[in-house]
Amino acid sequence: FNNDTADTLVKGSLPSAGRSMGAVSSPSHGYIGGGYYPSIGTISHIYRVDYANDTATTSQVGNFNTPGKIYANAVGNKDFGYFGGGRNPNITTIQRLDFSNDSANCLVKGAMTATTYSRGTAGNLNFGYFAGGYDPATQPNYNRSLVDRIDYSNDTAVASPKGSLSQSRSYIASHGDNNFGYHMGGFQPATLSTVDRIDYSNDTSTATPKGHLETAIWAAGGTGTS
């Protein structure tokens, strides 16, 4: 981040080429869960990146508690990672990974309010927000503007619907800090450059459109600092 005009450096790799995973981070490790690997198929595995040794190939740790899925999205705090929704089949389940015991299978916790996948995710230490997404149940426009909030202190409950995005979309890139979540780009039905900001202190309001991305994108990833 302190030299962000330089090209990114190639570090360690996944065991094989893959796509459509969910990812979440603890202070010391990154976790990549599920996805589709042409050499393996759709999997339930979770792979771990060690930030102290990031040139090494990722190691397999726990698994999802259900069959392999793709397009699951993840959010978390310093203790737990939550993988919500996904496809294969379309599900609402939320599964929790315990960073202090990451070789164990995830525990099934609450659920999303809809069978939506390819959402944007961001949150703070107390709540995780799943925004937008693709929902096969909503014809003819399969994209949603729905925002679901999970409460980490009550994670067996069904997620709470909150304010919506400024427009329906899926395949969103997201990140945030302690106060705001930013949901960028996406598809609906054209590729978008929109940036929406969710204010965690006023999360029943519709997200506020902010500046645009330089170019329209979808199925990207997002990260940042405070």
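For the range 142-226, what is the convex hull (Cα atoms) projected area averaged across all directions, in square nanometres?
Numbers: hull surface 24.1 nm².
For the Cα atoms of the range 142-226, the hull's average projected area reads 6.0 nm².
Report the local net charge at Gly41: Lys and Arg +1, Asp and Glu -1, summed over other residues whose C-beta lies under 15 Å from its C-beta. Could the numbers behind the result be given before it?
Values: positive: Arg19, Lys69, Arg87; negative: none.
Once all neighbours under 15 Å are counted, the net charge is +3.
Give me the percent of accessible area attributable to carbon and sulfur for the range 1-65, probe 1.4 angstrom.
On the way: 1910 of 3880 Å².
So the carbon and sulfur contribution to the accessible surface is 49 percent.
Consider just the alpha-carbon atoms of the range 71-215 and return their Rg together with their Dmax, both in angstrom.
Just the Cα atoms of the range 71-215 yield Rg and Dmax of 14.3, 43 Å.
Can you give the accessible area per residue of the range 149-226, in Å², using a 1.4 Å probe?
On the way: 4020 Å² over 78 residues.
Using a 1.4 Å probe on heavy atoms only, each residue of the range 149-226 averages 52 Å².
Report, to the nearest whole %, how much of the accessible area of the range 123-226 belongs to carbon and sulfur atoms, 1.4 Å probe, protein only. Kindly include the intermediate steps, with their values, before the conclusion.
On the way: 2430 of 5080 Å².
C and S fraction of accessible area: 48 percent.
Per residue, what accessible area does the range 88-147 have, given a 1.4 Å probe and all protein chains present, in Å²? Can you show the working numbers first?
Values: 2380 Å² over 60 residues.
Result: 40 Å² of accessible area for each residue.
Find out how many positive minus negative residues lie around Lys162, taking Lys and Arg as positive, Asp and Glu as negative, among other residues whose Cβ is under 12 Å from that of Lys162. Numbers along the way, then the final one.
Values: positive: Arg149; negative: Asp148, Asp151, Asp199, Asp203.
Neighbourhood net charge equals -3.
Provide the solvent-accessible area of Thr116, counting protein heavy atoms only and rolling a 1.4 Å probe, rounded to the nearest 10 Å².
0 Å²
Report the equivalent ellipsoid semi-axes for the range 76-154 in whole Å, largest first, defined as the square roots of five times the eigenvalues of the gyration tensor built from alpha carbon atoms. Show your work: numbers first, answer last.
Details: eigenvalues 114, 39, 15 Å².
Each semi-axis is √(5λ); the values are 24, 14, 9 Å.
Among the aspartates and glutamates, which have Cα under 18 Å from the Cα of Lys78 when same-chain residues fewer than 8 positions away are ignored?
Within the straight-line cut-off, Lys78 pairs with Asp50, Asp98, Asp102, Asp151, Asp155, Asp177.
Only residues of the range 1-20 count here: report those whose backbone N is under 20 Å from the spot 7 Å along Cα→Cβ of Ala52, or say none.
11-13
The values are calculated or read from the model by the stated rules, or taken from the named source; none is laboratory data. Please read these numbers as outputs of a predicted model, since none were measured by experiment. FYI the Cβ positions are ideal-geometry reconstructions off the backbone, even for glycines, and counts take in every protein chain you see. What goes into the accessible areas is simple: the full protein's heavy atoms, side chains included, and nothing from ligands, DNA or RNA. Shrake-Rupley method; radii C 1.70, N 1.55, O 1.52, S 1.80 Å.
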